[in-house]
Amino acid sequence: MIGPWAGALIGLAAAAPLRAAVVRYAVPYGEPLRLCCPAGRFGRLPGGRCPGCGDRAAGPAPGTVEAVAAAVGAALGLAADPGNAALLCWAGLFGVLLGFVDTAVLRLPDALTLPLALGTAVLLPLADHRPAVLLRCLLAAAALGLLYGGLALLVPIGLGDAKLAPSLGAVLGLYGWGTVASGVFAAFLLGGLWGVLLLLTRRAGRGDALPFGPPLLLGALVALLAAARAAV
């Protein structure tokens, strides 16, 4: 493993561009991307102010992106080794961005899920070049894409979740089918617990839409960490 401290430092180093990207992409469907100044540097400071014009972003609370990026980086540092570090950092930091965007506007834009998938496809052979493992990752990506795509037709799960799922399936496939199944189970468990908590605290009603991207991402992270720990 590369270690939690190294992972946390990577997360912190990526926090500023992640915050800027959250502010840029956290817009309702059909609206243009958010820019506040010609340089497009909105929200790059931890406090959410644009260094170009000084205006405050309508983005995450100060310090939240930084804290989550550092925490995710530290967690992945426990699972990452020199071979898969690039893949896990790519998926983990993209996950931070997607989680904040989905929480803010209840959507996972194609402009984020598609680059995540392409980068994952490029980095996957560097993490493990064995044909059997790569085939399993491909099948896991297809299985999760079909699963969530089918669920999107039946339950309140968005197509953005279905487009995110193949990337997560490919990463989880590195650790085996048990880890893929654990990631799916953990996602629904965490999503259910989050929904119940919101209902109990009256922060959401029975008919309110809830973002499923964060539970999907967190479930994958939990399954990945469990698999990495079991392999030690």
Notebook entry, point to check: Could we say that Ala74 is of a type outside the set (D, E, K, R), in contact (Cβ under 8 Å) with a residue 40 or more places away in the chain, in a helix (DSSP H, G or I) and in contact with a Pro (Cβ under 8 Å, 6 or more places away or on another chain) here?
Noted result: yes
Note to self: Looking at the stretch 147-162 only, could you name the residues that are part of a helix (DSSP H, G or I) and more than 19 Å from the chain's Cα centre (by Cα)?
What the structure shows: Gly150, Leu151
Notebook entry, point to check: Of the residues that sit in the stretch 61-113 and are surrounded by fewer than 18 Cβ atoms within 10 Å (Cβ to Cβ) and acidic (Asp, Glu), which one is farthest from the chain's Cα centre (by Cα)?
Noted result: Asp81
Note to self: Tell me whether the stretch 126-148 contains one or more residues that are under 26 Å from Asp208 (Cβ atoms) and either crowded, with 20+ Cβ neighbours inside 10 Å or among the charged types (D, E, K, R) (or both).
What the structure shows: yes
Check: Quick one: how many residues across the stretch 127-147 are touching a residue at least 40 places away in the same chain (Cβ under 8 Å) and of a type outside the set (Val, Ile, Thr)?
Finding: 5
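Laboratory data are not the source of any read-out in this text; all were calculated from the coordinates shown. On a predicted model such as this, the values are computed, not experimentally measured, just so you know. Because the Cβ atoms are built from the backbone with ideal geometry, glycine has one as well, and the counts that use them run over all protein chains shown.
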